[in-house]
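The values are calculated or read from the model by the stated rules, or taken from the named source; none is laboratory data. Note that the structure is predicted; figures quoted are calculated from it, not measured. Please note: Cβ atoms are built from the backbone with ideal geometry, for glycine as well, and neighbour counts cover all protein chains shown. Side chains included, ligands, DNA and RNA excluded: accessible areas come from the protein's heavy atoms. Shrake-Rupley method; radii C 1.70, N 1.55, O 1.52, S 1.80 Å.
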Amino acid sequence: MDENHDPTSLQHEALRLHRQWRGKLSIDSKVSVADDHALAIAYTPGVAEPCREIARDAELIDTYTGRWNMVAVVTDGSAVLGLGNIGARASLPVMEGKSVLFKAFGGVDAFPLCVESRDVDDIVRTVRLLEPSFGGINLEDIAAPSCFEIERRLIEECDIPVFHDDQHGTAVVVMAAAINACRVTERAIADLKVVINGAGAAGLAIARMLRDEGVEDLILCDSGGVIGEHRRDLSQVKQEVAGWTNRGAREGGLAAAMEGANLFIGVSVKGAVSPQMVSSMEQRPIVLAMANPDPEILPDQARAAGAAVVATGRSDFPNQVNNVLGFPGIFRGALDVRAANINENMKAAAARALAGLVGDELSAENIIPRAFDLRVAPAVAGAVAAAAVESGVAREPRTAAEVAASTREMLGGSGGKAGKTREAP
């Protein structure tokens, strides 16, 4: 087996390099303090002047400090992708990695905050009290249903963008894939008959985004089968969802749900879908099987069963649905116009921009850009910024073209620091 595809080899290399790195982040200074004058400007006594200005007008904090470009990556370690409930300390390597992706793919300075508590009040209070240091909050790997309440309360209590990437970043990229899969199969979004397997943070956010785009025929499944008003074991969040999904009052398991559907979205577990389930769908169905590291059904099995378009979360198959296509550009656009929040219009704009990048190269095996496509962050950032301005949440309005251009400049093309990070082996 090739070393690049040998899991054991990859694990050994990851451990060796993490020991060598001793952390994937460091603090670099933008300024030199090589002499007395430089020291006096950067620190005392010169630093007193911006302090006085900010004390006079709190809005100037984003003019005189780096807060405007700083995002906190917040977790409690309760739902780390592929690892589960491993705790705050064990989640730190993942949060460091997420911070690296923010910088490499969006030019965003990000810092991990791993909170040693599962109490919603503790997490909300901790993050809210740290708001003066950050221009945005990215919630990460927090288990449902706590993640919903934490996000809701922080959006209410903070005056900066709060974004749970496991929910909304996933939904944006899935929506982009669905838009182009519909183009390939000559369907309209509103005519989709959708089954989502997995009713956690990602599945529920995907469902809501599809609903907002006009999808009416929508079924969610969890480990107990089809979610509907017939179920008496549903959480409060799932009860709410049952009120606007499964309009045909279908009951049973995933196999029953998939009969006659034309879009399957999996955010669940390996092997959840059989070839027979795909064969029971409408002709030329779309299968987005995104369980990691192993999908609900392998692409060759899905295609053999009749699927016209197949996507997974893996880079070694065509059509990788990867959150890195979303969150760096989404935050870049929101930060550049100092948006008060990231609203539904901004998310929809991100999905459309991402889908639009495929252009004339659209095919069944090319429905979404690749992670290292340098056009992604500028296009998404520009679209998000424009939507923020249009929806009235931007404090410093800028055009899509201005934000896209500044994003390209910040990333440095193939020669800047972020570009070098992206090209590194």
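Per the listing R52, R89, R56, the residue uniquely of a type outside the set (A, V, I, L, M) and touching a Gly at 6+ places or on another chain (Cβ under 8 Å) is R89.
The combined condition, being in contact (Cβ under 8 Å) with a residue 60 or more places away in the chain, surrounded by fewer than 22 Cβ atoms within 10 Å (Cβ to Cβ) and not polar (S, T, N, Q), is fulfilled by R352. Taken residue by residue, segment 399-409 has no member that is touching a Lys or Arg at 6+ places or on another chain (Cβ under 6 Å) and either modelled with pLDDT under 95 or open to solvent by 50 Å² or more (accessible area, probe 1.4 Å) (or both). Considering only segment 46-65, I want to know if a residue exists there that is farther than 30 Å from E149 by Cα, open to solvent by less than 50 Å² (accessible area, probe 1.4 Å) and in contact with a Pro (Cβ under 9 Å, 6 or more places away or on another chain). Within segment 46-65 (the criterion being farther than 30 Å from E149 by Cα, open to solvent by less than 50 Å² (accessible area, probe 1.4 Å) and in contact with a Pro (Cβ under 9 Å, 6 or more places away or on another chain)), the answer is yes, since at least one residue qualifies. G169 fulfils the conditions (1) in a helix (DSSP H, G or I); (2) surrounded by fewer than 23 Cβ atoms within 10 Å (Cβ to Cβ); (3) not aliphatic (A, V, I, L, M) except for a single criterion, (2).
Restricting attention to segment 352-377, the residues that are touching a Gly at 6+ places or on another chain (Cβ under 8 Å) and within 23 Å of C182 (Cα to Cα) add up to 3. With respect to (1) farther than 17 Å from V173 by Cβ; (2) touching a Phe, Trp or Tyr at 6+ places or on another chain (Cβ under 9 Å), the lone exception for R395 is condition (2). Counted as qualifying within segment 17-135 are the helices (runs of 4 or more DSSP H) with 1 or more residues that are modelled with pLDDT of 95 or more and among the basic types (K, R), namely 48-56, 88-106, 120-129.
Here A144 passes the criteria (1) modelled with pLDDT of 95 or more; (2) of a type outside the set (S, T, Y); (3) over 30 Å from C51 (Cα atoms); (4) outside any helix (DSSP H, G or I) except the one numbered (1).
Of all residues in segment 226-236, those that are open to solvent by 10 Å² or more (accessible area, probe 1.4 Å) and outside any helix (DSSP H, G or I) total 7. Restricting segment 358-379 to residues that are in contact (Cβ under 8 Å) with a residue 24 or more places away in the chain and farther than 23 Å from G333 by Cβ, the residue that is most open to solvent (accessible area, probe 1.4 Å) is E365. One residue stands out among those in segment 196-214 that are closer than 20 Å to S235 by Cβ and more than 18 Å from the chain's Cα centre (by Cα): the one that is surrounded by the most Cβ atoms within 10 Å (Cβ to Cβ), which is N197.
Being of a type in the set (A, V, I, L, M) and out of contact with any Gly (no Cβ under 6 Å at 6 or more places or on another chain) is a description that applies to A255. Within segment 116-135, being closer than 22 Å to I27 by Cα and surrounded by 20 or more Cβ atoms within 10 Å (Cβ to Cβ) holds for V127, F134, G135. I'd like to know if segment 262-284 contains one or more residues that are over 21 Å from the mean Cα position of the chain (by Cα), closer than 24 Å to F163 by Cα, open to solvent by 40 Å² or more (accessible area, probe 1.4 Å) and not basic (K, R). No: segment 262-284 contains no residue that is over 21 Å from the mean Cα position of the chain (by Cα), closer than 24 Å to F163 by Cα, open to solvent by 40 Å² or more (accessible area, probe 1.4 Å) and not basic (K, R). Against the list (1) open to solvent by 10 Å² or more (accessible area, probe 1.4 Å); (2) free of Cβ contacts under 8 Å to residues at least 40 places away in the same chain, the condition R183 fails is (2). Residues of segment 143-159 that are open to solvent by 10 Å² or more (accessible area, probe 1.4 Å) and in contact (Cβ under 8 Å) with a residue 12 or more places away in the chain: A143, A144, P145, S146, F148, E149, E151, R153, I155, E157, C158, D159. Of the residues making up segment 247-292, those that are in a loop (DSSP other than H, G, I, E, B), within 21 Å of N180 (Cα to Cα) and hydrophobic (A, V, I, L, M, F, W, C) are A261, V267, M281, M290, A291. All conditions but one from (1) over 30 Å from L154 (Cα atoms); (2) surrounded by 24 or more Cβ atoms within 10 Å (Cβ to Cβ); (3) not hydrophobic (A, V, I, L, M, F, W, C) apply to G333; the one that does not is (1).
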